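Below you'll find the structure, written out as structure tokens, and then a few comments.
The values are calculated or read from the model by the stated rules, or taken from the named source; none is laboratory data. What you see is a predicted model, and the numbers here were worked out from it, not measured in a lab. A quick note on method: Cβ atoms are made from the backbone with ideal geometry, for glycine too, and the neighbour counts reach across all protein chains shown. The area values use the complete protein model at the heavy-atom level, side chains included, leaving out ligands, DNA and RNA. Shrake-Rupley method; radii C 1.70, N 1.55, O 1.52, S 1.80 Å.
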Amino acid sequence: QRLKDQINPHFLFNSFNSLIGIVEENPNKASKVLEKLSDMYRTILKHEKSEIISLHEELELAQQYFEIHKIRYQDLIQLKIQDVENARNKFVIPFSLQLLIENAIKHNIINKKSKLEITIAEESGFLIISNNINKKNKNVLSLGLGLENLIKRHEMILKKKPVIKETKNLFTVKIPYINE
């Protein structure tokens, strides 16, 4: 429960930081973001006590979260969800995708030269989330809770860790499915 309780403040902290940037750039966009943020937080509250969530619901949550950032970054970020139809009856640990999308946006340069592309796909019992790497040169204010939280929740619930791999150009996380 303590690990799940870390997610809400972490989510709000990062969302407010993004919102600050949007308010400074375009106050009209900020109101759209606040509306989407409110909708998403309602969904988070609906699932905050759940240990597992259907892949379908998790994908919807990830898309909601991505749309908040899409308002700010427009065509500089892209989310591709490849064929996951074989996994529609699978379950995952809630907020895993949102956390990984958040990490990708937070830790990479996003501009016209360095667009961010996040891909979600399915491969032999795993949900694969990857993004191209264009690391920020300066240190990003980070509490280091995101990936650590994801790993610990998977260890506790599934007795398995997500597989995390980073190459020079690609960051990939393989999340194991939960069969229900």
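For LYS29, the aspartates and glutamates whose Cα comes closer than 14 Å to its Cα, not counting residues fewer than 8 places off in the same chain, are GLU67.
Lysine pairs, Cα distance under 18 Å, 8 or more residues apart or cross-chain: how many in region 58-162? Value for region 58-162: 23. Can you match Cα Rg over 2.2 N^0.38 Å to one of these, [x] 1.11; [y] 0.99; [z] 1.16, based on a calculation from the structure here? Among [x] 1.11; [y] 0.99; [z] 1.16, the one calculated here is [y].
Note down the relative contact order for the chain as a percent, whole number, built from C-alpha pairs under 8 angstrom at least six residues apart.
Answer for the chain is 21 percent.
Would you list PHE16, PHE66 from the most to the least accessible area, probe 1.4 Å? Present the calculation step by step, with values, prior to reporting the outcome.
Working: PHE16 105, PHE66 10 Å².
Largest to smallest exposure gives the sequence PHE16, PHE66.
Of the accessible area of the chain, computed with a 1.4 Å probe over protein heavy atoms only, carbon and sulfur atoms account for 50 percent. Potential lengthening of the chain between LEU170 and ILE151 amounts to 4.9 nm, from the contour at 0.36 nm per residue minus the alpha-carbon distance. Using the rule -39500 (n - 2.57) for each DSSP H run of four or more residues, divided by the residues of the chain, the 222 nm mean residue ellipticity is -16500 deg cm²/dmol.
Membrane-span-like helices in the chain, defined here as complete DSSP H runs extending at least 24 Å along the helix axis by their C-alpha atoms with mean Kyte-Doolittle hydropathy no lower than -1.0, are 2-25, 27-47, 55-73; this is a sequence and geometry rule, not a statement about a membrane.
Take the Cβ atoms of SER50 and SER114, set R0 to 25 Å, and the FRET efficiency comes out at 0.10. Using only side-chain charges placed at the Cβ, +1 for Lys and Arg and -1 for Asp and Glu, the dipole size of region 60-180 relative to its Cα centre rounds to 600 debye. Rolling a 1.4 Å probe across the protein heavy atoms gives the chain an accessible surface of 55 Å² per residue.
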